[in-house]
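Right, one structure below, let's go through it.
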Amino acid sequence: MPELLGLEADAWPCPRLAAHPPGRSTAATTTTHIDWTKEEPVRLRIVDYTCSCRALVYELLSCGGHFMIRRTHQTTSPEVFYAGPWPRAVAERVWTMILTGEAR
Ligand SMILES: [Zn+2]
């Protein structure tokens, strides 16, 4: 049903300001699997984020000198997971892999 799919895609207006990681179908064939945990860091600051028009939103977080990534599935009760902590260079590499679809 193409009409229904079109409606779903327009459900959240896209501000076109942030990155859009490729979807599962267009992602790289070999993807690195990140270990996600529900353990929330105590203090965090958002450094970068992907576009909120997608059901799955990723955020790069700075917390106490280390860096983590938060993954939120925007369902009616959002599912939130965290990965890391890593030193900045490692976190930025993982972040780039998420943006290019090489890791999820
Ligand atoms: Zn968007």
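The values are calculated or read from the model by the stated rules, or taken from the named source; none is laboratory data. All values derive from a computational prediction rather than experimental measurement. When we count neighbours, we look across all protein chains shown, and the Cβ atoms used for this are built from the backbone with ideal geometry, even at glycine. The protein model used for the area step is the full one, side chains on, heavy atoms only, and it has no ligands, DNA or RNA in it. Shrake-Rupley method; radii C 1.70, N 1.55, O 1.52, S 1.80 Å.
Okay, here's what the table says:
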{"item": "For the stretch 11-104, with +1 on Lys and Arg beta carbons and -1 on Asp and Glu, the positive-most of Pro87, Tyr58, His20 along the dipole", "result": "His20"}
{"item": "³J(HN,Hα) computed for each position of the stretch 52-68 - Karplus, 6.51 cos²θ - 1.76 cosθ + 1.60, integer Hz, glycine/proline x", "result": "6, 6, 8, 5, 9, 10, 10, 10, 8, 10, 9, 9, x, x, 10, 10, 9"}
{"item": "Nearest-10 value in Å² for the accessible area of Val57, using the 1.4 Å probe", "result": "20 Å²"}
{"item": "Gain in span if fully extended, Glu79 to Leu17, counting 0.36 nm per residue against the direct Cα distance", "result": "20.0 nm"}
{"item": "Solvent accessible area, Å² - Ile46, 1.4 Å probe, full protein context", "result": "80 Å²"}
{"item": "Inter-site label distance for Glu40 and His66 at 7 Å from Cα along Cβ, in nm", "result": "1.8 nm"}
